[in-house]
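Enquirer: Here's a structure for you.
The values are calculated or read from the model by the stated rules, or taken from the named source; none is laboratory data. Computed from a predicted structure; not experimentally measured. As a convention, Cβ positions derive from the backbone with ideal geometry for all residues, glycine included, and neighbour counts pool all protein chains shown. Accessible surface areas use protein heavy atoms only, side chains included; no ligands, DNA or RNA. Shrake-Rupley method; radii C 1.70, N 1.55, O 1.52, S 1.80 Å.
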Amino acid sequence: MTKKLDLLDIQGNVIRAYGRFGYPVARYVCLNVRDGAKGREFVGSISKKVTTAVEWGDGPGKMKQPDWTINISFTYQGLKDLGVPTSSLIGFSPEFVSGMKARRDILGDDGPSSPQHWDPIWQRNRETRENDVHILVSINALAGQGLDWLKTAEKNRDQAYKWFQGEVDKTKGGVVILDGHLGDNGEQFKYQDAKIVLDNGKPTSKEHFGYTDGISDPVFEGVPYDENRVKGRGKQIPGGKWAPLATGEFLLGHVDEAMEYPPSPEPVLLSRNGTYMVYRKLHENVATFDRYLEEQGSKFPGGKELLAAKFVGRWRDNGAPLVKAPDAESKAKYDAQFAAADEQGKDDLLSDFTYDDDMSGGKCPFSSHIRRINPRASLEMIHEEAGFTPLGAFLSLFLPPSWLGMFKKAGDKPGSLKVSKGAFNTPGALSDRRRLLRRGLPYGEVKDRTRDDGNHGIIIMMVNADINRQFEFVQQQWINYGNDFKAGNDKEIILGNHSLDDKFPSKAVLQVDPNSDQAPFLLSDIPRLVETRGGEYFFIPSITALHMIARGVVDPT
Amino acid sequence: MSNIAGKAYAMNVITPIRSYLTWVNKLIFWAAVKVPGVLTGLVTLSLIHYARWVIIPKDKFPHLDPSQPKENLNYNYMLFFSNFNGSWDQYVDSFTFAIPGGLDLFWKWNIRYSKSVALTPFHDYIRYNQLETIHYYNAYPLAASNDVKSAKTVKSSLIQFEKDTQTVSDEEFLKLYNGLLRGLQHDLGDMYPTPIVTMSAYQVERRQKWHEGKLAEAGENHGK
Ligand code: HEM
């Protein structure tokens, strides 16, 4: 990597998924600005403590890893009420201006995911000025060593929150913390807490359905501490190799994969090193998930755990990708290899894979979570019918077809797809512009696995330079629709807004090896496994931009 | 008026080209369909129903009635006509992400062509030269081009299966049946309306009506 980013100017949550760096708990707080001037002062005092992306450790240009981190982002209304001038505001993207609720038809937030079922804070947002979410502050807290690791983290969080509350109090009502994040028993909180899932008090990297999470995350140019992580996380280039994605896919003011600067508000100082973030609270229907998995698993030839892996594309226990471990036998081998590998070896085993040897989906189905959300190079696919070979096609310009029998090819096996070699400019051309950085943590605890209700799921925060081109596209075209995957209207299994109408039940096809004698498994009557409970689009400014907002000096003229 | 009918989008783009360069473009068009591999990228992009490029000489524009004023054109024009699935952005972006070289090959000789990368100037070029569709008829509004292809595959496979299984044993039938499904494993997607690609009030309302089963009253609720 030759490019070096100005890490001191970029907020830390853009570059780091804090969970991976030893921060098991988080608190998200939403604020409403009642008085612009006091609001700006508040932003100024927070910005002094805002966690940057600077490297942690000893030595020049590095700093000690903090006990807690704090990051801040803004909605469109927030920026407006903090006095960012119209001439700058008009440069923000239309989706950001409209907000998540107004985009529900695009996102497929219908039925139990529709805004009337969102947490009160997100329902009230953008209805009246007093209840608008203007600012989102996120706090992440570092775990301690030894048995008290979690208590220490919670102490760190409480300390951070106390400091933060003090800053809010200083505004004397100029900025208020909004209520309305639903808790375990329907009570409303002034914050959304999130925490890694525990197993008998021990930390795990699981989410509530039991999958190992937090493995894949795009790697892009200019981040010094990601150099060993590019395989499987960057973009796929010819020869099964990987390169970091262009910085402009995730940060404004940098050149993107289309070799231009992403559309951004002016002046450049306001947008450069800033980016957009999609915040979503997603409820997980664990009882329905368990029941459905049990019911289908009893019919599925490979058994329940393999079926669970087919839903996501990775095995639940250790995240082994299906393309590397497609059945129980290969999984056992993979596990042995995994146990023997060092840190880097483990990471490569988890992350370094392509779909090139699984173009028909016999290992990792086309409707699984990770294949739909990051198809890597697999959309460069084709099924060739019988016909002339390239040479035959050329000769057929001059010679009658009946002479050309030896220049005919049989066509691909029914049910198979293969790489359409060289068809696209780069193998991952259709994926590279749809990538998302994932931040956030699970929230809540599952107290009773036989019930869907309660308060548990994932707070997911997706960072991208263009909400419409990246997040909304993936959500709409790849999660809730399947045409790019030759799957018609079949949806992604875990996240799809599956039909609630018995007459039109959702289904998915789990492909098999076209050379085998098996039949594909038809996953029928897929229920809604995940429901939206709220969310919004935010802008994460650079440190420079934060200072400018705080001083009221944003001015494109 | 809308460029969208069901799952398909109709795009017409008309761009000027210097008369003395027209033959180059014609040669390229001719070669593109003959020389294997040139159109592989286009074919691999499965969202396209149909695409056609035509050169209209400056004196060949339709003159329908003597009362229509005669225009005096400086250039020949290249008409690009395409029907595809998805949104304008998805289509134009897929083109530039996947086959920028192919686009440049076809448009290079056109006046003020921006090249397909970077994206924004290319977007601007297409938007500026795009003609809005005034009337758009779509025989199968619920079908994407993949759905049509799949339906044809399913139909012919079923007919063949029926023939092959007239006299076979139970075991043989099961084997052939599994083979049938396996052969069709990329052709069994459901067919319902797409997620809406525009937030125009018209499209949003239609979608709501579809959910409520009320489009049928207008004779439009396909299959519901
Ligand atoms: C409750 C909801 C969700 C669950 C249970 C879930 C679970 C998972 C799991 C288990 C993985 C595999 C582990 C890994 O590769 O890190 C994963 C990967 C991923 N998820 Fe999700 N996820 C959820 C929601 C979402 C949403 C809403 C999005 C974005 C629209 C998303 C985007 C991704 C991405 C980009 C990856 C990495 C794929 C890759 O690069 O191969 N997830 N998720």
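Enquirer: Could you grab the pairs with beta carbons closer than 7 Å, sequence gap of 6+ or different chains, first residue in the range A:203-224 and at positive phi and away from chain B (no Cβ under 14 Å), second one more than 7 Å from the ligand (Cβ to nearest atom) and among the hydrophobic types (A, V, I, L, M, F, W, C)?
Expert: Matching pairs, first to second residue: A:Gly214/A:Ala17; A:Gly222/A:Met1; A:Gly222/A:Leu5.
Enquirer: Can you name the residue in the range B:114-131 that is touching a Ser or Thr at 6+ places or on another chain (Cβ under 7 Å) and open to solvent by less than 40 Å² (accessible area, probe 1.4 Å) and, of all such residues, is farthest from the other protein chains (Cβ to nearest Cβ)?
Expert: So, considering only residues that are touching a Ser or Thr at 6+ places or on another chain (Cβ under 7 Å) and open to solvent by less than 40 Å² (accessible area, probe 1.4 Å), the one farthest from the other protein chains (Cβ to nearest Cβ) is B:Asn129.
Enquirer: Select from the range A:97-119 the residues that are at positive phi and within 12 Å of chain B (Cβ to nearest Cβ) and write down the one among them that is surrounded by the most Cβ atoms within 10 Å (Cβ to Cβ).
Expert: Step by step, filter the range A:97-119, then rank; the result is A:Gly108.
Enquirer: If the Cβ limit is 8 Å and pairs must be 6+ apart or interchain, which residue in the range A:489-503 that is within 16 Å of the ligand (Cβ to nearest atom) pairs with which residue that is among the basic types (Lys, Arg) and assigned to a loop (DSSP other than H, G, I, E, B)?
Expert: A:Asn497/A:Lys491; A:Asn497/A:Arg528; A:His498/A:Lys491; A:His498/A:Arg528
Enquirer: Which ones in the range A:479-516 are more than 8 Å from every other protein chain (Cβ to nearest Cβ) and open to solvent by less than 10 Å² (accessible area, probe 1.4 Å)?
Expert: Residues satisfying the conditions are A:Ile479, A:Phe485, A:Glu492, A:Ile493, A:Gly496, A:His498, A:Ala508, A:Leu510.
Enquirer: Let me confirm something: among A:Gly248, A:Gly303, which residue is touching a Pro at 6+ places or on another chain (Cβ under 8 Å) and either surrounded by fewer than 23 Cβ atoms within 10 Å (Cβ to Cβ) or modelled with pLDDT of 95 or more (or both)?
Expert: Values: A:Gly303 fails: touching a Pro at 6+ places or on another chain (Cβ under 8 Å).
Just a single option satisfies the conditions, and that option is A:Gly248.
Enquirer: I'd like to know if the range A:412-428 contains one or more residues that are under 29 Å from the mean Cα position of the chain (by Cα), more than 8 Å from every other protein chain (Cβ to nearest Cβ) and crowded, with 23+ Cβ neighbours inside 10 Å.
Expert: yes
Enquirer: If you don't mind, another one. Answer with yes or no whether A:Val530 is more than 14 Å from chain B (Cβ to nearest Cβ), under 20 Å from A:Ile370 (Cα atoms) and within 14 Å of the ligand (Cβ to nearest atom).
Expert: Judged against the criteria, A:Val530 is a match.
Enquirer: Another question about this same structure. B:Asp89: among the acidic types (Asp, Glu), within 11 Å of chain A (Cβ to nearest Cβ) and open to solvent by less than 20 Å² (accessible area, probe 1.4 Å), yes or no?
Expert: no
Enquirer: Something else: Just to be sure before I move on: is A:Phe92 assigned to a helix (DSSP H, G or I) and away from chain B (no Cβ under 14 Å) in the structure I sent?
Expert: Criteria not met by A:Phe92.
Enquirer: Somewhere in the range A:46-63, is a residue touching a His at 6+ places or on another chain (Cβ under 8 Å), more than 30 Å from B:Gly86 (Cα to Cα) and not in a helix (DSSP H, G or I)?
Expert: no
Enquirer: Which residue out of B:Lys58, B:Lys70 is more than 30 Å from A:Glu385 (Cα to Cα), touching a Phe, Trp or Tyr at 6+ places or on another chain (Cβ under 9 Å) and open to solvent by 70 Å² or more (accessible area, probe 1.4 Å)?
Expert: On the way: B:Lys70 fails: touching a Phe, Trp or Tyr at 6+ places or on another chain (Cβ under 9 Å).
One residue alone meets the criteria, B:Lys58.
Enquirer: Considering each of A:Lys281, A:Lys310, A:Lys331 in turn, give the residue that is of a type in the set (Lys, Arg), in contact with a Lys or Arg (Cβ under 6 Å, 6 or more places away or on another chain) and modelled with pLDDT of 95 or more. Give the steps one after another, and end with the answer.
Expert: Numbers: A:Lys310 fails: in contact with a Lys or Arg (Cβ under 6 Å, 6 or more places away or on another chain); A:Lys331 fails: in contact with a Lys or Arg (Cβ under 6 Å, 6 or more places away or on another chain).
Exactly one of A:Lys281, A:Lys310, A:Lys331 is of a type in the set (Lys, Arg), in contact with a Lys or Arg (Cβ under 6 Å, 6 or more places away or on another chain) and modelled with pLDDT of 95 or more, namely A:Lys281.
Enquirer: Does B:Asn146 satisfy being within 14 Å of chain A (Cβ to nearest Cβ) and either open to solvent by less than 70 Å² (accessible area, probe 1.4 Å) or among the hydrophobic types (A, V, I, L, M, F, W, C) (or both)?
Expert: On the way: within 14 Å of chain A (Cβ to nearest Cβ): yes; either open to solvent by less than 70 Å² (accessible area, probe 1.4 Å) or among the hydrophobic types (A, V, I, L, M, F, W, C) (or both): yes.
Yes.
Enquirer: Looking at (1) closer than 20 Å to A:Pro218 by Cβ; (2) open to solvent by 60 Å² or more (accessible area, probe 1.4 Å), which is the one condition that is false for A:Arg376?
Expert: (2)
Enquirer: Still on this structure, please answer the following. Tell me, yes or no, whether the range A:458-469 has at least one residue that is free of Cβ contacts under 8 Å to residues at least 24 places away in the same chain and either part of a loop (DSSP other than H, G, I, E, B) or more than 12 Å from every other protein chain (Cβ to nearest Cβ) (or both).
Expert: No.
Enquirer: Here are the criteria: (1) in contact (Cβ under 8 Å) with a residue 24 or more places away in the chain; (2) touching a Pro at 6+ places or on another chain (Cβ under 6 Å); (3) open to solvent by less than 20 Å² (accessible area, probe 1.4 Å). Tell me which single one A:Val197 does not satisfy.
Expert: (3)
Enquirer: Please specify each residue of the range B:26-57 satisfying the condition of being assigned to a loop (DSSP other than H, G, I, E, B) and of a type outside the set (Ser, Thr, Tyr).
Expert: B:Val35, B:Pro36, B:Gly37, B:Val38, B:Leu39, B:Leu45, B:Leu47, B:Pro57
Enquirer: Could I ask something else about it? Give the range A:503-551 a look and list any residue that's in contact with a Leu (Cβ under 8 Å, 6 or more places away or on another chain) and among the aliphatic types (A, V, I, L, M), or say none.
Expert: Scanning the range A:503-551 gives A:Ala508, A:Val509, A:Leu510, A:Ala519, A:Leu522, A:Leu523, A:Leu529, A:Val530, A:Ile543, A:Ala545, A:Met548, A:Ile549.
Enquirer: Here's another thing I want to ask about it. Please go through (1) closer than 30 Å to A:Asp119 by Cα; (2) more than 14 Å from the ligand (Cβ to nearest atom) for A:Tyr276 and return the number of the only condition it doesn't satisfy.
Expert: Condition not satisfied by A:Tyr276: (2).
Enquirer: Same structure again: Tell me yes or no: at least one residue of the range A:221-228 is farther than 29 Å from A:Thr544 by Cα, among the polar types (S, T, N, Q) and within 12 Å of the ligand (Cβ to nearest atom).
Expert: Just the residues of the range A:221-228 that are farther than 29 Å from A:Thr544 by Cα, to begin with: A:228.
Next, from what is left, pick out any that are among the polar types (S, T, N, Q): A:228.
Narrowing the set further to residues that are within 12 Å of the ligand (Cβ to nearest atom) leaves none.
No, the range A:221-228 has no match at all.
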